[in-house]
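S.K.: I'd like to ask you about the structure that follows.
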Amino acid sequence: MIPRRFAAAGAAVLAMCAFAAVPSAHAQKKKAVAAEPAAEETEDPSKFFLFHLDGVSTEIARADLMYCIGQARPILSMRDRTGGGGGLLGALINGRMAEIDRTRMRNASMRKCMAAHGYARYQLPSTDWKLLVKEGDIVVANNGQTDPEVVDRMAAWASGPTPNSRRLEP
């Protein structure tokens with residue numbers, strides 16, 4: 001049996017959710033105008049990038065990548081270190097936000113580490129990046145492990161011909 005005070009709160013939440021689910025005429029018009037995402041939104045240079053260094057061998061590039069991955073992998077966000085309030089929903093939101101924070105911080109660590117080794121960073125289209133890196137981020141896959149095949153592909157890319165894509169600042 002649900003206490004009466006919780007039943008009223010639950011009904012209020014359901015009413016708000018139902019109201020929020022009904023799109024306004026303005027939102028429908030805006031959705032029709034912006035059916036395609038902007039190129040700069042889908043091709044995020046802070047996420048879709050790889051490293052390259054002229055004249056480096058694949059073995060050295062792989063060793064440099066593994067060293068930098070080893071430096072970036074244990075990074076935790078502040079959200080990982082602090083307990084969150086808000087119950088189950090708060091924990092779910094905090095967990096997702098912590099995942100995003102970790103990915104951004106690991107990417108920043110990789111940029112700094114690889115730049116210290118002399119590598120330049122190049123932007124990739126998101127489709128090419130997903131073929132090379134699969135899912136997850138540049139350090140770990142969605143299962144939380146570093147994929148040796150992905151590291152091999154990144155090392156081959158880093159030691160290959162100079163990319164035609166845009167060079168990014170470290």
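S.K.: Determine the gain in length on full extension of the stretch Ala63-Leu168; use 0.36 nm per residue of separation and subtract their C-alpha separation, reporting nm with one decimal. Mind dumping the intermediate values first?
M.R.: Working: separation 105, 0.36 × 105 = 37.80 nm, distance 2.23 nm.
Gain on stretching Ala63 to Leu168: 35.6 nm.
S.K.: DSSP loop GluC sites (Glu not before Pro) in region 67-158 with at most 15 other Cβ atoms within 10 Å of their Cβ, which ones?
M.R.: On the way: sites: Glu99, Glu135, Glu149; in loops: Glu135.
Answer by residue number: Glu135.
Every number in this text was worked out from the coordinates using simple rules, so none of it is lab data. These numbers come from a predicted model, not from an experiment. Note that we place each Cβ from the backbone using ideal geometry, even for glycine, and neighbour counts take in every protein chain shown.
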